[in-house]
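Structure, as structure tokens:
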Amino acid sequence: MKKISFIILILSLSLAKPAFSQVTSTSARGIANLIVPLSITPVSGDLDFGEIILTGTPITESILPKDGKLFEIVGHPNRFVTVTFDKIELDNSQWVAIYGGNTGTLIFYPDVETDDGTKVYSGDSKRLIRNGLLGKLNLWVGGSINIAANQPQGDYRGLFVISVSY
Amino acid sequence: MKLIFGFILFLLTSAVFCQNNVNSSATVKVKLVKSLKIKKVKGDLNFGEVILNGTNQNLLKKPDEGIEFVILGHPHKEAIVTYQPALLFLENQIDSKSLLFMPAVFETGDNIDFTSPKSVKSGSTVALENNNGTGKAFIWVGGKIKVNSTHSEGDYKGTFTISVAY
């Protein structure tokens, strides 16, 4: 019995740190409440602004969320998830490396909505709507870029990342 | 003993909850295209002085002796070139005895010299070759004018317009 207790003690100590980080969030729902793994996957659409001819005047181009990229969050029904994302920088460095010219950057400001058009801001908490045994939430991502009067030409690219957590 | 197993179960389920943060991404793309310009490099479409001899005459100007233009735009894009024959009128007098200038247009790619010219029909496209991040194509315009025996003497002038578009 002493030997068993010793093994349990060792096991407890080795796993103590991760366990403590979860106590607050899990204890209210109970140990038996196994959570559906959370996922977010791209479903359709893209964030391609296409071809824009530089006119020498500053312009703002936008993609409406419903015309942009659709992500589907799947997780535990009725649980809240925190959605986080940030603006990103696009650059034309790959294009310039091939064709020459000047490098430039653009900032992509994301615009995120749910199915009903409710704006979603980074850090917002959203409930996963029950759909059978799963909880689901669609997020539509569009956004805008500001093109400067003297913006260098080229193909600009950047990676937009959206995260969700319980 | 039950307490021990419960504790172990808690530790194991706690480990599952560590996988609560997931993300997805999308590439944001935009192609910024340099606007088109067409500029005169050199030359003119002056047919000079022609002596009326009472017979029909065909006046000819070779493209390399006419006007050279350069189209500036986005590398590897194609520009549509359009133009029309031009009417030349006696100065300060628009009458039925105008002269018709029939243009002959050629392109030499990014070669500033009249080497390996290719005919350019109105409405056809010209590829803009890359030159350190700028697309270029040189255009050469010559043409002919038919002078009838009935034409009046005097200075005839008209405007020839050539347009480029993506």
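Residues to consider are A:Lys119, A:Lys87, A:Lys69; find the one that is modelled with pLDDT of 95 or more, among the charged types (D, E, K, R) and crowded, with 16+ Cβ neighbours inside 10 Å. Full working, then the answer.
On the way: A:Lys119 fails: crowded, with 16+ Cβ neighbours inside 10 Å; A:Lys87 fails: crowded, with 16+ Cβ neighbours inside 10 Å.
Criteria check complete, one pass: A:Lys69.
Residue by residue, here is whether (1) of a type in the set (S, T, N, Q); (2) part of a loop (DSSP other than H, G, I, E, B) holds:
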| site | (1), (2) |
| --- | --- |
| A:Thr84 | yes, no |
| A:Trp95 | no, no |
| A:Thr103 | yes, yes |
| A:Asp111 | no, no |
| A:Lys126 | no, no |
| A:Gly135 | no, no |
| A:Asn138 | yes, no |
| A:Asp155 | no, no |
| A:Val164 | no, no |
Next item on the list: Scan region B:148-160 and give yes if some residue there is surrounded by 16 or more Cβ atoms within 10 Å (Cβ to Cβ), modelled with pLDDT of 95 or more and closer than 29 Å to A:Trp95 by Cβ, otherwise no.
Entry: no
Note to self: Looking only at region B:104-127, how many residues end up being in a loop (DSSP other than H, G, I, E, B), surrounded by 11 or more Cβ atoms within 10 Å (Cβ to Cβ) and not acidic (Asp, Glu)?
What the structure shows: 8
Checklist line | Residue, modelled with the lowest pLDDT, within region B:32-78, restricted to residues that are in a loop (DSSP other than H, G, I, E, B), among the small types (Gly, Ala, Ser) and surrounded by fewer than 19 Cβ atoms within 10 Å (Cβ to Cβ) | finding: B:Gly54
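The values are calculated or read from the model by the stated rules, or taken from the named source; none is laboratory data. Quantities reported herein were computed from a predicted structural model and do not represent experimental measurements. All Cβ positions, glycine included, derive from the backbone under ideal geometry; neighbour counts span all protein chains shown.
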